[in-house]
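What follows is a set of notes on a single structure, which appears directly below.
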Amino acid sequence: MSDVDVNSITRASQLWKLMTEAQRKGAAEAFWSEGEAGAEHAEVVGLLSRRLNFRVKSVLALPLEKKVKYTAGLAAVSDGVAGRLLVTFHLARQRPMMSAFLDALGIAHDNGLISDEASPAVDATKLPDAVKAIREQFPTEDVDLYLHTLRLQDHATWAGVGEFL
C-alpha cells in the first residue's frame, strides 16, 4: 500500500482492493461474527449468491469459515460494504493500535472508540509522534490501513494523517 498515491484513495471500495489477504480475511470474519443484520450483510449475501450460483438460503447456511473465505475473495464490493468491513475489522482486531494512537494524541476514547458525540480536535503537532508510536508497535500494513480508514471516515478531522502514508 506504500507505493499508492494517498490522494487517489477516496473510497472505501478502493481501500478494500489494496488490503492484504490476511486483512481481508480478518475483516470478513469480523463482519460475519457481528451477526447478519443490516443492508451490508444482505448485499454481501446477494453478491455471494450470484458469484457462487447459490440460493440466498444456501449462502446463509454456509459455515462461518466459508462465508469468510468467499467474502475475502470478493474483488469488488460497494463503498457501503467496504466501509462496514473496515469498521468491523478495526473494532474487532485493531483496538490496541487504535487506543495507542488516540492516547498519543490525547484524545479521549473507550478502548479505541471515540464516542459519537465527541468531535476530536487533532493536534497536528502531536501527529508525527503518534504515528511513529504505532509504527514502532504494529505492522506497517495495519498502520497504513488504519490511517487510510480514518481519512476516509472523517476527512475533515483526519486529513493530516495523509502525510504519514
Requested in this report: Express in Å², to the nearest 10, the accessible area of Ser8 obtained by rolling a 1.4 Å probe over the protein heavy atoms while all chains stay in place.
Outcome: 50
Report summary line: Once normalised by the length of the chain, the mean sequence separation of its alpha carbon contacts under 8 Å that are 6 or more apart gives a contact order in percent of 27
Query - Given the chain, longest segment not containing exposed loop GluC sites (Glu not before Pro) (DSSP; at most 14 other Cβ within 10 Å) - result: 37-116
Query raised in the report: Straight-line reach from Lys69: which lysines have Cα under 26 Å away, leaving out those fewer than 8 places along the same chain?
Result: Lys17, Lys25, Lys57
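Which of the three applies to segment 93-165, rounded, prolate or oblate, going by the alpha-carbon gyration tensor with a ≥ b ≥ c and a/c under 1.5 meaning rounded? Don't skip to the answer; put the middle values down first.
Numbers: a/c = 1.35, a/b = 1.17, b/c = 1.15.
Here segment 93-165 falls in the rounded category.
Where the only charges are on Cβ atoms (+1 Lys, Arg; -1 Asp, Glu), what is the dipole of segment 46-147 about its Cα centre, to the nearest 20 debye? Could you put the intermediate results ahead of the total?
Values: 13 positive and 12 negative charges, 200 e Å.
Charge dipole, segment 46-147, about its Cα centre: 960 debye, nearest 20.
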Report summary line: Net charge near Asp116 (other residues with Cβ under 14 Å of its Cβ; Lys, Arg +1; Asp, Glu -1) is -3
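So if I place +1 on the C-beta of Lys and Arg and -1 on the C-beta of Asp and Glu, and nothing else carries charge, what would the dipole magnitude of segment 62-111 be about its Cα centre? I want it in debye, nearest 20.
That gives segment 62-111 a dipole magnitude of about 300 debye.
Would you mind counting up the charge near Val68? Only other residues with Cβ under 10 Å from its Cβ, with Lys and Arg at +1 and Asp and Glu at -1.
Once positives and negatives cancel, what remains is +3.
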Query raised in the report: Among Phe89, Phe164, what's the order by accessible area (1.4 angstrom probe), most exposed first?
Result: Phe164, Phe89
Query raised in the report: Solvent-accessible area per residue for segment 21-163 at a 1.4 Å probe radius, Å²?
Result: 51
Report task. Please determine, in degrees from 0 to 90 and to the nearest 10, the orientation of helix 21-33 with respect to the longest principal axis defined by the Cα atoms of the chain, where the helix direction is its Cα long axis. Result -> 70
Query raised in the report: Probe 1.4 Å, all protein chains in place: accessible area of Asp142 in Å², nearest 10?
Result: 30
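Just the number, please: carbon plus sulfur as a percent of the accessible area of the chain, 1.4 Å probe, no ligands or DNA/RNA counted. Can you show the working numbers first?
Working: 4290 of 8610 Å².
The nonpolar share, carbon plus sulfur, comes to 50 percent.
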Report summary line: Cα gyration tensor of the chain diagonalised, 5x eigenvalues square-rooted, in angstrom largest first, produces semi-axes 30, 16, 14
Query raised in the report: Ordering Lys67, Lys57, Lys25 by how much accessible area each has at a 1.4 Å probe, largest first, what is the list?
Result: Lys57, Lys25, Lys67
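Of Arg55, Arg50, Arg151, which has the most accessible area with a 1.4 Å probe, and how do the rest follow in descending order? The partial results should precede the final answer.
Numbers: Arg55 190, Arg50 170, Arg151 20 Å².
So the residues, ranked largest to smallest area, are Arg55, Arg50, Arg151.
The values are calculated or read from the model by the stated rules, or taken from the named source; none is laboratory data. These numbers come from a predicted model, not from an experiment. Cβ atoms come from the backbone with ideal geometry, glycine included; neighbour counts cover every protein chain shown. Ligands, DNA and RNA are excluded from the accessible area calculation, which covers all protein heavy atoms including side chains. Shrake-Rupley method; radii C 1.70, N 1.55, O 1.52, S 1.80 Å.
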